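Read-outs throughout are calculated quantities, based only on the coordinates presented, and are distinct from any laboratory measurement. Keep in mind the model is a prediction, meaning the values are calculated, not measured. Cβ: placed from backbone, ideal geometry, glycine included. Neighbour counts: every protein chain shown.
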Amino acid sequence: MKILRESNYIAVPWKNGGGLTRELHREPPEPARFDWRLSLATIDAAGPFSAFDDYDRTLTLVRGAGVEMTFHQHGSARLSSVGQMAQFDGAWQTSCVLLDGPSTDLNLIVSKTRLQSMSRSVRISAPEAIPTAAWTHTIVCCISGSIQITNTTGGTAELGAVDVALCSPADGAITCHPRGPDAAHVFIASVKVR
């Protein structure tokens, strides 16, 4: 179980030059073309998204009032509450408008041809078990609130907002526990080679 903290995320330019994103993790590391990448982007103004042909994208609202995304001939999606998620083809022509000021979003980009993936956003108010055995990587990101994560080998870690636990099959089944009286929003994704 590898823990990634918000304070260590590296800022890199958007592919289209329209802003900055903080890269949380990518596999494999640069300079190779990534199979998957997890990043945190703040959208300050309306405009186009970068194109990522041959990738699937999952966007989850982390902070702010949210965005309205238009996929042109493929419809639209609105993210207006923390933890809300939208999944779309990275090749789609995508643009967005802000609902009420800047929006910060978690962005998972996964190769369509090389990897299989599954993701969900859940509100945790009681312990939640997350299996890891069938996947190469299991990603747990605390979107809001705070959680404690425990693996079957006895390893534990506490995650605050936008901290990430990167888990592997060696961690066995992991369990997320909310810390404190309030529920936490958690983004969970699993990836493996096809």
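What trypsin sites (Lys or Arg not before Pro) does the range 81-167 have in DSSP loop regions with at most 16 other beta carbons within 10 Å? The qualifying sites are Lys112, Arg114. A crude spin-label estimate for the pair Ser146 and Val193, with each label 7 Å from Cα along the Cβ direction, gives 3.9 nm.
Using the Cα gyration tensor of the range 1-79, with a ≥ b ≥ c the square roots of its eigenvalues, what is the shape: rounded (a/c below 1.5), prolate (a/b larger than b/c) or oblate (neither)? Verdict is prolate for the range 1-79.
Looking at the range 21-60, the trypsin sites (Lys or Arg not before Pro) that sit in a DSSP loop and have at most 11 other Cβ atoms within 10 Å of their own Cβ are Arg33.
Ranking Ala86, Pro131, Val193 by how far each Cα lies toward the positive end of the dipole of the chain (charges on Cβ) leaves Val193 at the top. The magnitude of the dipole of the range 7-111, with charges of +1 and -1 set on the Cβ of Lys/Arg and Asp/Glu and taken from the Cα centre, is near 160 debye.
Rounded to the nearest 20, the Cβ-based charge dipole of the chain about its Cα centre (Lys and Arg +1, Asp and Glu -1) stands at 280 debye.
Amide H to amide H distances under 5 Å link Lys112 with Tyr55, Asp56, where only residues 5 or more positions off or on other chains count and H is placed in the peptide plane. For the range 91-166, the fraction of C-alpha pairs more than 15 angstrom apart is 68%.
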